[in-house]
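Here the structure is laid out as structure tokens; the discussion comes afterwards.
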Amino acid sequence: DLPAQVSVYEVSARDGLQAEPVTLPAAIRVELISRLAATGLSTIEAGSFVSPKAVPQMADTRSVLDELDLDSGITYPVLAPNRRGLEDAMAARAQDIAVFVSVTESFSRANLGDSLEVTTARNRDVAAAATSAGMRVRGYLSMVFGDPWEGPVEPSQVVGAAGQLLDAGCTTISLGDTIGTATPGHVTAVLQALIEADIPVEAIALHTHNTYGQALANVYAALQSGVSEFDASAGGVGGCPFAGSATGNLATEDLLWMLDGLGISTGVDIRAVAETSQWLSRQLGKPLSSATSAAIVDQ
Ligand code: HMG
Ligand code: MG
């Protein structure tokens, strides 16, 4: 049986915008988030407290949080890669953070500037400190299904990395198909390995990229294994600036079209998301990649 209800974790304002050549000012990012909030989405990632040299698109995340109603019942997580990021997140009154580690050595160095051992220890420390301060922490794993430098990734590596983040206090582990090479059978195999290792399926989310057109097929495979939280980005905007081959995220409206068709409830208004994507497309000055958006909104 497929889950009756699914949570959509919206990443356009962070994962989406961080990969765009155009840096949108804080006020436009606030408008994007407010428009997304009006669609019924209950979790909207709002930015990153990372080095502005590494990711200039996420500079001013503090100004973005200052403009949001953090007590509205909508969750606005922010990325925090180290103690400095955690302190900045706390100062901005964030209640939810996300830490992010790679399951591969090469991407740890490319994205986080240090070895897997060092970055994993740093992120576990941040997760534990945030948890003891009463914050909720999501743990992202990158390169779960393949790495541009190292090739295929063993499911046992994923199980080990997920266990470490859960032990550090993370409530959810988001499995990142950072370069979009996963196919449904592979998704099922990784999920089976996690479930067999007693990692609760309720604690697992899937973060797909549509690089090879497999994102929705991968979501369907994960639904069949009981996963009920999926990351998506309005209009399919985004990728990752530190993994050259990572193109678009799964578009939120494409995900919603499939879930609506399956009778799975999300509480999100697909048309309102598609209209937000069209607005975002104008802000970025480029067409977005969502098939659903193009089909249901008059251009
Ligand atoms: P580092 O070079 O190892 O750290 O960076 P450092 O301590 O040597 O600091 C370097 C510079 O960054 C210093 O500035 C620090 O002050 C500054 P400088 O002295 O050169 O002027 N700095 C900071 N500034 C603001 N906030 C901070 C902070 N920390 C250091 N928190 C670090 C390590 C991780 C900080 C850096 O490499 C960085 O910020 N990288 C960006 C990582 C990132 O945001 N990646 C994208 C998100 S992950 C992703 O997209 C994947 C995901 O979507 C899932 C998937 O698809 O797989 C989640
Ligand atoms: Mg991503």
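The values are calculated or read from the model by the stated rules, or taken from the named source; none is laboratory data. What you see is a predicted model, and the numbers here were worked out from it, not measured in a lab. Neighbour counts run over all protein chains shown; Cβ positions are idealised from the backbone, glycine included.
Residues checked against (1) under 28 Å from residue 36 (Cα atoms); (2) within 12 Å of ligand 1 (Cβ to nearest atom):
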| position | (1), (2) |
| --- | --- |
| 156 | no, no |
| 188 | no, no |
| 192 | no, no |
| 197 | no, no |
| 201 | yes, no |
| 209 | yes, yes |
| 221 | yes, no |
| 234 | yes, no |
| 251 | yes, no |
Just give me the residues in the range 170-221 being farther than 24 Å from residue 128 by Cβ, within 16 Å of ligand 2 (Cβ to nearest atom), at pLDDT 95 or above and among the polar types (S, T, N, Q), in sequence order.
208, 214, 218
Restricted to the range 1-50, and to residues that are of a type in the set (D, E, K, R) and within 13 Å of ligand 1 (Cβ to nearest atom), which residue is farthest from the chain's Cα centre (by Cα)?
20
Scan the range 16-53 for residues that are among the acidic types (Asp, Glu) and at pLDDT below 95 and jot them down.
20
Hey, could you check the range 194-235 for residues that are hydrophobic (A, V, I, L, M, F, W, C) and touching an Asp or Glu at 6+ places or on another chain (Cβ under 8 Å) and say which is farthest from residue 177 (Cα to Cα)?
234
Taking the range 1-49 as the region of interest, how many residues are in a helix (DSSP H, G or I), farther than 19 Å from residue 248 by Cα and touching an Asp or Glu at 6+ places or on another chain (Cβ under 7 Å)?
2
Of all residues in the range 7-31, which are away from ligand 2 (no atom under 16 Å from the Cβ) and surrounded by 24 or more Cβ atoms within 10 Å (Cβ to Cβ)?
29
